[in-house]
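Values quoted throughout were computed directly from the atomic coordinates according to the rules given, and no laboratory measurement underlies them. These numbers come from a predicted model, not from an experiment. Positions of Cβ are generated from backbone atoms using ideal geometry, with glycine treated the same way; all protein chains shown enter the neighbour counts.
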Amino acid sequence: GNSVTQMEGPVTLSEEAFLTINCTYTATGYPSFFWYVQYPGEGLQLLLKATKADDKGSNKGFEATYRKETTSFHLEKGSVQVSDSAVYFCALRDTGANSKLTFGKGITLSVRP
Amino acid sequence: GAGVSQTPSNKVTEKGKYVELRCDPISGHTALYWYRQSLGQGPEFLIYFQGTGAADDSGLPNDRFFAVRPEGSVSTLKIQRTERGDSAVYLCASSPGTSGENIQYFGAGTRLSVL
């Protein structure tokens, strides 16, 4: 079956540092990819998505490119802020718009002032 | 409502008891999903409804778990004879259910604690 692997956390960075959160996957068919974020005390929110190979999703300064050759969807941000402190989840959706999401374990990011 | 609403936000019960968790999806969304998130893990799929019918229930762990969506809107997840291992955050998500991007929008979850 499909699976998503995220790098081990937690991650602590200073403000304005560069962020990379690794996400790799195994999947059949033509999945779509998502990064969800969970801020303290809140529910999961969609951060960005990519629906086909080589697509780049971007939002709020975050970017991720769906790379089929390396089976990855790594999340990056050039300069993190304290307000980016949250838990980040990588997820894939099976072929088919109504399919379930398969999530990674999530990683906690803390950004120091 | 503006988003997916889940009630209660917290539920404490004793081992062996029956519980019901409610999900009110975004108005007009025909697809509804239940996930379970254990501590330190990502959400795991339980069941998906398209309209009133369960289109995929492959994630339900055993027959103590059951979910309904009788009118194609509100859904209830029912857990019989609860066990301590059922303690988790239960998440509900809804999506438009049509072709295209069909993004899943999540509620804040119900935290279930089985003592």
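Along the range A:50-62 the Karplus relation, 6.51 cos²θ - 1.76 cosθ + 1.60 evaluated at θ = phi - 60°, assigns HN-Hα couplings of 8, 10, 8, 4, 6, 5, 10, x, 8, 5, 6, x, 8 Hz to successive residues, with x for each Gly and Pro. Within the protein assembly as shown, DSSP assigns beta bridges of which about 90% are antiparallel (rounded to the nearest 5). Computed from backbone phi with θ = phi - 60° and the Karplus coefficients 6.51, -1.76 and 1.60, the 3J(HN,Hα) list for the range A:105-113 is 6, x, 9, 8, 10, 10, 10, 8, x Hz; x is used for glycine and proline.
Shielding of peptide A:40-46 by partners, expressed as the average count of other chain Cβ atoms within 10 Å per residue Cβ, is 5.
Counting, for every residue in B:35-45, the Cβ atoms of other protein chains within 10 Å of its Cβ and taking the mean gives 5. Phi angles across the range B:33-49 convert, under the Karplus curve 6.51 cos²θ - 1.76 cosθ + 1.60 with θ = phi - 60°, into 3J(HN,Hα) values of 10, 10, 10, 10, 10, 8, 4, x, 10, x, x, 10, 5, 10, 7, 10, 10 Hz, Gly and Pro given as x.
Once you keep just the Cα pairs under 8 angstrom separated by 6 or more residues, what percentage relative contact order results for the range B:22-115? It would help to have the intermediate numbers written out before the result.
Working: 199 pairs, mean separation 28.4, N = 94.
It comes to 30 percent, rounded to a whole number.
Ignoring lysines fewer than eight residues from residue B:17 along the same chain, the ones with Cα atoms less than 20 angstrom from its Cα are B:78.
When you count the other C-beta atoms within 10 angstrom of each residue and take the mean per peptide, A:6-12, A:103-109 line up highest first as A:103-109, A:6-12. Restricting the range B:29-114 to GluC sites (Glu not before Pro) that sit in a DSSP loop and have at most 10 other Cβ atoms within 10 Å of their own Cβ leaves B:71. Based on the reciprocal of the average 1/r between different C-alpha atoms, the Kirkwood radius for the range A:25-88 equals 12.6 Å.
Across chain B, counting alpha-carbon atoms alone, Rg and Dmax equal 13.4, 43 Å.
Contact order, relative form, for the range A:30-113: 28 percent (alpha carbon pairs under 8 Å, 6 or more residues apart, mean separation divided by residue count).
Note on chain A: the C-alpha convex hull projects to 6.7 nm² when averaged across all orientations. How many percent of DSSP beta bridges within chain B run antiparallel, rounded to 5? Antiparallel: roughly 90 percent of the beta bridges in chain B.
Applying a DSSP loop filter and a limit of 15 other Cβ atoms within 10 Å to the trypsin sites (Lys or Arg not before Pro) in the range B:21-78 leaves B:64. Among beta bridges from DSSP that stay inside chain A, the antiparallel ones total about 90%.
Take each residue of peptide A:99-107, count the partner chain Cβ atoms within 10 Å of its Cβ, and average: the result is 6.
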